[in-house]
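Notes follow the structure.
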Amino acid sequence: MHLLCSAYGDTKSAAGVTSKLWDFTDRGWVPDVFVYTGTSSPVTPACQGTVAQASAGSDRPSTTLGPYPLVPGRLGDVFEDHSLSAPLTASLPLGTFVHLHCYVRTGITVPAAASIAFEGGNDEWDEIDAPVVGWVPDSWVASSSNGSVAPPC
């Protein structure tokens, strides 16, 4: 099995180790806890693109910045500001990897997308800087967390 890139997502556990790191291989996706690399840190570049069509980027993945897959709550919309009524910057395909920059709290809860509803809604918005610049509700980012993993803005 050849490791191509890594990203963060759902939490998995095995042999007393828990991690959100996933490895994209020549055979598909596998939780990093099932791959012996000699370390719990990423050993490959961060993935870019989408979960369905991942490729290697240039930086290493980070637990606070990602990449994390975006699970659309409303067609994968990315906004110019941290509000559902703000103008759109882009609409991204399902499973697009986003790179987090920071987060803010707005006081208005945005429900989680149905596919990650176990993470719950929250009032946090993540500013992203890749693949486009803009804002997404944190509850639409599959970070296996009920709050932003990014640092505050």
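The values are calculated or read from the model by the stated rules, or taken from the named source; none is laboratory data. Everything numeric in this text was worked out from a predicted model, so none of it was measured. Here the Cβ positions follow ideal geometry from the backbone for every residue, glycine too, while neighbour counts run over all protein chains shown.
Odds and ends about this structure:
- Hits in the range 5-16 - residues which are of a type outside the set (Gly, Ala, Ser) and either under 14 Å from THR50 (Cα atoms) or out of contact with any Asp or Glu (no Cβ under 9 Å at 6 or more places or on another chain) (or both): CYS5, TYR8, ASP10, THR11
- Some residue of the range 127-139 being at pLDDT below 95, part of a strand (DSSP E or B), farther than 23 Å from ASP59 by Cα and not polar (S, T, N, Q): yes
- Subset of the range 1-14 that is out of contact with any helix residue (DSSP H, G or I) (no Cβ under 7 Å at 6 or more places or on another chain) and more than 19 Å from TYR68 (Cβ to Cβ) - its residue that is surrounded by the most Cβ atoms within 10 Å (Cβ to Cβ): MET1
- For ASN122, the conditions (1) closer than 26 Å to THR18 by Cα; (2) surrounded by fewer than 16 Cβ atoms within 10 Å (Cβ to Cβ); (3) in contact with a helix residue (DSSP H, G or I) (Cβ under 8 Å, 6 or more places away or on another chain) are fulfilled apart from (2).
- The number of residues in the range 39-56 being in contact (Cβ under 8 Å) with a residue 24 or more places away in the chain and surrounded by fewer than 20 Cβ atoms within 10 Å (Cβ to Cβ) comes to 7.
- Residues being assigned to a strand (DSSP E or B) and more than 13 Å from the chain's Cα centre (by Cα) - total across the range 84-101: 4
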